[in-house]
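Below is one structure; the comments refer to it alone.
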Amino acid sequence: MKCLVSPIFLFSLLFSLAQGNTSINTAVQLSKMDPQKSIIKNTENSQNHRTLSAVIKAADLEETLGYDGPFTVFAPSDKAFEEFSIGKVAHLLNPENKEDLKALLTYHIIAGKFTTSHILRAMCRGNGRATFTTVQGKEIEATMSGIDIILTDDFGNSARITTADANQCNGVIHEIDSVMVPRQM
């Protein structure tokens, strides 16, 4: 089956993502990530992923994201967590809510290393749509809106990849603009 996305469009999309289409500071932060370090080490050192780092630690996923892999992490920025609700995050960080927190975090992770070029190729094979299974076991669908890759789940939650392809020794991070919730929290 022929791909419906032109090579010129794919090039311009990848170029705009590499240039930090929405936020130069975010692109700079992701570009400063050391590809020789793990996902956990780089999020610990990121100025834009402090909440994500705290969530990873509270969910006891440091060891997994520190050594295992490869993983693709759709990483909500601190701003995305603020829009999600600092109150909800604080509630989830309570030790008695660890399972909910772990479910939330694993909803943003897929097994394997999927760069934007891999995601776009999968979308070409799927006539503009590609489905990926999260580590939590739920599916998210990738589609295009203009030049943006949009991730959508079965509940209608969606997030846009704002900065892509921060390579890690055990995977890749794509920053997204919102927190996707696996169920009503």
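The values are calculated or read from the model by the stated rules, or taken from the named source; none is laboratory data. Predicted model, so just to flag it, every value in this text is computed and none were measured. Methodologically, a virtual Cβ is constructed for each residue, glycine included, from the backbone with ideal geometry; neighbour enumeration extends over all protein chains shown. Please note that ligands, DNA and RNA were not included when accessible areas were found on the heavy atoms of the full protein model with its side chains. Shrake-Rupley method; radii C 1.70, N 1.55, O 1.52, S 1.80 Å.
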Problem - Cross-link reach list, aspartates and glutamates versus LYS113, counting only Cα pairs under 17 Å and skipping chain neighbours closer than eight places - result: ASP34, ASP68, GLU139, GLU141, ASP165, GLU175
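Report the net charge of residues surrounding ASP60, where surrounding means a beta-carbon distance below 11 angstrom and charges are Lys +1, Arg +1, Asp -1, Glu -1.
Numbers: positive: LYS57, LYS98, LYS102; negative: GLU62, GLU63, GLU99.
Its environment carries a net charge of 0.
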Handout entry: Equivalent-ellipsoid semi-axes of the stretch 52-119, from the Cα gyration tensor, Å, largest first
Key = 22, 15, 9
Fill in the blank from the handout: Honestly the stretch 133-185 on the Cα gyration tensor test (a ≥ b ≥ c root eigenvalues; a/c under 1.5 rounded, otherwise a/b vs b/c for prolate or oblate) is just oblate
Exercise for the section: State, to one decimal in nm, how far the label point of LYS88 lies from the label point of GLN47, with both points 7 Å from Cα in the Cβ direction. Expected result: 2.8
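For the stretch 55-185, what % of the accessible area comes from carbon and sulfur atoms, probe 1.4 Å?
Looking at the stretch 55-185 in its full context, I get 47 percent from C and S.
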Handout entry: Diffusion coefficient, µm² s⁻¹, Stokes-Einstein with Kirkwood Rh over alpha-carbon pairs of the stretch 72-163 at 4 °C and 1.567 mPa s
Key = 91
Fill in the blank from the handout: A chain fully extended from THR143 to ASN157 at 0.36 nm per residue, minus the present Cα-Cα distance, gains in nm 3.7 nm
Completion exercise
In nanometres, the difference between 0.36 nm per residue of separation and the alpha-carbon distance of VAL181 and GLN136 is 15.1 nm
Practice task
Determine the gain in length on full extension of the stretch LYS79-GLU63; use 0.36 nm per residue of separation and subtract their C-alpha separation, reporting nm with one decimal.
Solution key: 3.2 nm
